[in-house]
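Structure first, commentary second.
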Amino acid sequence: MASILSDATNRPTRFGFLARWRAGERSPQSAFEYLLVLRFVLFNVCALGVLGVGWANGMVAGVIAADTTQIVVLIAVVFAAGLGLCARRVWQTSIELNAVRSGFPRRGTRVAAYLEQTAGCDGHGRGNLAAALRLKLATRIAPVRHAANSLVLLGLIGTVIGFIIALSGVDPDLASDIGAIGPMVSTLIDGMAVALYTTLTGAVLSIWLMVNYRVLETGTVSLLTQLVERGEASHGRT
């Protein structure tokens with residue numbers, strides 16, 4: 001990584017990735033641009049492929065139809081919102097990673113602001129700025145983790161509601177009535193379907209979103225370390 005930053009410093013460009021591509025220049029830095037986005041896209045394409053197979057086999061429609069409480073739909077909506085937010089943060093982090101590796105980060109960006117702040121600070125001041133940056137970056141990606149955790153909680157809520165539905169149809173006084181057994185069994189099956197399908201949906205989508213969060217977290221840690229290293233290297237040259 002140090003060699004990449006050194007190469008980016010020794011060969012600065014103001015035109016970015018597109019200009020270098022048009023000029024036919026492929027520096028070692030360009031090979032790492034938007035790598036975080038590529039990882040995000042590849043994983044979600046594979047996951048969507050698996051989901052598409054389940055949809056084609058009627059599994060997804062069966063889960064939605066069996067959930068009379070519509071909790072599965074609510075879980076899916078929360079997941080979609082979390083995934084959209086994660087995609088936005090991945091793109092933003094990737095842009096900032098490119099700016100760190102660039103010789104001339106655009107003014108007004110987080111990268112340029114941090115480098116300007118550290119330029120006139122001593123070691124203690126730079127440490128405080130790095131700690132503040134760490135908190136800001138952690139706060140920026142925290143909602144994605146919260147969304148993933150909420151999917152599990154929604155699944156557990158669906159489990160409790162499903163058991164309530166299942167047990168609400170059981171009447172011990174009517175156990176000997178043959179005509180009442182059919183409705184009781186039907187209510188029991190409906191309740192168990194709600195309990196199991198909401199739990200399964202919440203767990204699967206939580207894992208899906210959590211993997212995306214780990215991708216985002218890895219990129220955020222890389223951004224933090226590279227930005228701090230860039231600030232220290234710039235201060236060492238002054």
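The values are calculated or read from the model by the stated rules, or taken from the named source; none is laboratory data. Since we're looking at a predicted model, the values are computed, not measured. In this analysis, Cβ positions are derived from the backbone assuming ideal geometry, glycine residues included, and neighbour counts consider all displayed protein chains.
Residue count for segment 165-188 satisfying the condition of being outside any loop (DSSP other than H, G, I, E, B) and either among the small types (Gly, Ala, Ser) or modelled with pLDDT of 90 or more (or both): 6.
Put simply, of THR238, THR218 the only residue that is farther than 30 Å from GLN70 by Cβ, at pLDDT 90 or above, surrounded by fewer than 20 Cβ atoms within 10 Å (Cβ to Cβ) and not aliphatic (A, V, I, L, M) is THR218. When THR68 is tested against (1) without any contact (Cβ under 8 Å) to a residue 24 or more places away in the chain; (2) not in a helix (DSSP H, G or I), just one condition goes unmet, and that condition is (1). Considering segment 91-112 alone, what residues qualify as being at pLDDT below 75 and part of a helix (DSSP H, G or I)? Within segment 91-112, ARG110, VAL111, ALA112 meet the criteria.
Looking at segment 52-65, I want the residues that are part of a helix (DSSP H, G or I) and have a partner that is among the small types (Gly, Ala, Ser) and surrounded by 11 or more Cβ atoms within 10 Å (Cβ to Cβ) with Cβ atoms under 8 Å, at least 6 apart or on another chain. Which pairs are those? Taking only residues 6 or more apart or on different chains, the pairs are TRP55/ALA61; VAL60/GLY54. Do the conditions hold for VAL53, that is, is it loosely packed, with under 12 Cβ neighbours inside 10 Å and modelled with pLDDT of 95 or more? So VAL53 fails the test.
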